[in-house]
Structure formats: structure tokens, C-alpha cells
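The values are calculated or read from the model by the stated rules, or taken from the named source; none is laboratory data. As the structure is a prediction and not an experimental result, all values here were calculated from the model. Positions of Cβ are backbone-derived with ideal geometry, glycine not excepted, and every protein chain shown enters the neighbour counts.
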Amino acid sequence: EDQVTQSPEALRLQEGESSSLNCSYTVSGLRGLFWYRQDPGKGPEFLFTLYSAGEEKEKERLKATLTKKESFLHITAPKPEDSATYLCAVHITGNQFYFGTGTSLTVIP
Amino acid sequence: NAGVMQNPRHLVRRRGQEARLRCSPMKGHSHVYWYRQLPEEGLKFMVYLQKENIIDESGMPKERFSAEFPKEGPSILRIQQVVRGDSAAYFCASSPGRNEQYFGPGTRLTVT
């Protein structure tokens, strides 16, 4: 059973067209939820950590929010350089981090 | 401050050979994680180590795979007698604690 589900799998946006990516999780004992950006052929790049429902973090055009069952990554007025795969991961009790399969974002100029 | 370093970046091995993947964590980080990534799949946890200790290897196959993080030098993921199914990207991440992880560029292993 999947612990972390990301949707949509792929998203195409026009430059400037804001949208949100979703990460839902079915785990208990959440110790942290993480967002990463991954470019082709590279390792994931850390973006945000969220620890409790209601928490929000922002960085440039990105804003991450967390509820008890899901997290959203809001992208405001995206630019072509925001094109990448966005991954979320959850850390539950113990040592393991569970990653979703990601949302592939393409921003068209 | 150098990031996480992995080498080699690309590795080609014939079936039955051994593969050694190296990971140097960020300065000051004593926690290392190894993950495997297959096309169209998410990152899968393999093993979590601290200096000289394997903390959790529950994601690593019991046979042919081993990992170490010695007191001096990089962490090493070793795959013995590789098979075609071992072909994947292997990522190492380091952390100052049990929170956000910083990833290296990965080693892409191809088994022919």
C-alpha cells in the first residue's frame, strides 16, 4: 500500500499560470514532510520541511502547506526555469523516509 | 561548503561483477542514507548509517548488498555479483540529524 501519493503525475502550465501540486499520505506518526525538486539526471534538491498541520513555508514562487492528510505545493506565476519534477517525502516514526513518485512540471514560455 | 559527492557518476558492470558506489557527505553531517531510483518509480530507501554504524538496513536486499560508513573516508554501497535488475540510479543523502536530507548527484549503474 502506497504511503505517499502525488498528483497529478504531470502538469503543463503556461508561464504565469499559477497552480498547486498535491501530496497525500496515509501514515501515522508523521515526524516531517519534505518537498524536493529534481532536475533530469540530478539528485533531489531540498526545498521545504513541514512538521505540523497548519504550517506554511515560502521560497520565491513556491509555497508549501500541510494538513493532517496532505500537503500542497503552490506555484505562483511560474517561469520556465521552474520546470522539474517535484517530490514529496514523509518521515514517520523510525528511520525511513518514504518518497512519492513525483509530479513532472513543465512551464511553457 | 561542498555538497554531497558521489562517485563514480556512471558505472557499467557485467553480470556477476562487483559494483562499489562511494558517497562523501556534506561537512559536519554524520548521517548517511542510500536510495535506489528506477525509471517511473520513486526513491526507495535502502539503508541508513551513522559513522561506523548501520542504523537501519531494512530496505536493502539481504543478499549481495552491503553498506558501510567508516570512521574515516566515504560511505560505500557494495553490490556483489550484479544482475541486470540492479541497473538503476543510486542516490546518497546526508543529514545533520534525522530531518532534511541533502542529496548527491547519484551514480547511474548499468549492468550489461
A careful count of residues in the range B:24-46 that are within 14 Å of residue B:79 (Cβ to Cβ) and of a type outside the set (Phe, Trp, Tyr) gives 2
Please identify the pairs in which a residue from the range A:73-102 that is part of a strand (DSSP E or B) has its Cβ atom under 7 Å from the Cβ atom of a residue that is of a type in the set (Asp, Glu), counting only partners at least 6 apart or on another chain. A:75/A:82; A:84/A:39
Which residue pairs have Cβ atoms closer than 8 Å, lie 6 or more positions apart in sequence or on different chains, and pair a first residue in the range B:40-51 that is closer than 18 Å to residue A:38 by Cβ with a second residue that is charged (D, E, K, R)? B:43/B:36; B:44/B:36; B:46/B:36; B:46/B:57
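Taking into account only those residues within the range A:1-57 that are among the basic types (Lys, Arg) and either under 23 Å from residue A:77 (Cβ atoms) or out of contact with any Lys or Arg (no Cβ under 9 Å at 6 or more places or on another chain) (or both), which is modelled with the lowest pLDDT?
So the first thing to find is which residues in the range A:1-57 are among the basic types (Lys, Arg), and the list is A:12, A:31, A:37, A:42, A:57.
Imposing the further condition that a residue be either under 23 Å from residue A:77 (Cβ atoms) or out of contact with any Lys or Arg (no Cβ under 9 Å at 6 or more places or on another chain) (or both) reduces the set to A:12, A:37, A:42, A:57.
On the way: A:12: 97, A:37: 97, A:42: 92, A:57: 96.
Within the range A:1-57, the match that is modelled with the lowest pLDDT is A:42.
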(1) of a type outside the set (Phe, Trp, Tyr); (2) in contact with a Leu (Cβ under 8 Å, 6 or more places away or on another chain); (3) in contact (Cβ under 8 Å) with a residue 60 or more places away in the chain; (4) within 13 Å of another protein chain (Cβ to nearest Cβ): which one isn't true of residue B:78, the others all being true? (4)
Restricting to the range A:28-66, name every residue that is out of contact with any Pro (no Cβ under 8 Å at 6 or more places or on another chain), surrounded by 15 or more Cβ atoms within 10 Å (Cβ to Cβ) and assigned to a loop (DSSP other than H, G, I, E, B). A:44, A:55
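Under the condition of being more than 8 Å from chain B (Cβ to nearest Cβ) and free of Cβ contacts under 8 Å to residues at least 60 places away in the same chain, which residue from the range A:31-40 is nearest to the chain's Cα centre (by Cα)? Walk me through it before giving the result.
To start, the set of residues in the range A:31-40 that are more than 8 Å from chain B (Cβ to nearest Cβ) comprises A:33, A:35, A:37-40.
Right, trim to free of Cβ contacts under 8 Å to residues at least 60 places away in the same chain and you get A:33, A:35, A:37, A:39-40.
Details: A:33: 9, A:35: 4, A:37: 8, A:39: 14, A:40: 16 Å.
Here the answer is A:35.
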